[in-house]
């Protein structure tokens, strides 16, 4: 009885969500006319970035324009615009038919698992999107990421996926690993600022060994030596990664493993090591491991101006 009650409650919530989406869709046409009247330059725009005073109806109006492909907009920046699940769902629906948008930035909004599921459905059919940024949407969680990963399995264009601070855990990372196992288009993956352990990191590193990734950002304070070794095994075997940023527990022999890996790896050009507290001797050993590699950049500190690179 308890399970049946919970299922009925979930169905009611879903019905209300679908009703709200329909309501949003009814104002989309009005919003598109309003937005173009205020911003006629959009008719010739290559990108769309919401001004501070933009209202939700304006953004939803743009969905109508994107869905109908009225304007060949490639880059869409919706960072910090209060996008919630319902607005994300309408945007996702427009992406299914859009043929021009290549970059979509949802950084710092209010998208949770429901909105992420809708975006995952859009990924499965969209043929043009290359970059999807979902940083700082803390409510997405594993179920939302699992939906994104499922969409990736059918997607053949996405190259950059950024999931900073999305409440991602091992189950979500395992789903990404499954998607990456057969992926040939992804070039950049960032999973910084999430709670990850060996259970998620090890299968991901195994999946990435033969992937075409060129940039990988990883933040996993709860990894053990097994996870660290899996990461460096991936780095030794992979032939495409040129930039690695990681913040992991560099204890015991971890930095020695990294030195050995750097000597063996022939493709890496940039290594950013955040908040590890390396001593002078460890820094020197790491710098010595890459000193003979032309153009190599190694950093042990993030500053207000970005990564501070060592003089090799």
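Key figures for this structure:
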quantity: Binned Cα-Cα distance frequencies in the range 71-309 - 10 Å width, integer %; calculated: 8, 32, 33, 20, 6, 0
quantity: Label-point separation in nm, residue 100 to residue 171, each point 7 Å along Cα→Cβ; calculated: 4.0
quantity: Prolate/oblate/rounded call for the range 250-312, Cα gyration tensor, a/c under 1.5 rounded; calculated: oblate
quantity: Virtual spin-label span in nm between residue 110 and residue 293, 7 Å along Cα→Cβ; calculated: 4.5
quantity: Packing-based order for 253-264, 200-211, using average beta carbon neighbours within 10 Å, highest first; calculated: 200-211, 253-264
quantity: Residue 71/residue 199 FRET efficiency (R0 51 Å; Cβ-Cβ; nearest 0.05); calculated: 0.70
quantity: Förster radius 25 Å - calculated FRET efficiency between residue 240 and residue 125, Cβ distance, rounded to 0.05; calculated: 0.35
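Bear in mind that the values in this text are calculations on the coordinates, not laboratory data. Here the structure is a predicted model, which means the values were calculated and not measured. Cβ atoms come from the backbone with ideal geometry, glycine included; neighbour counts cover every protein chain shown.
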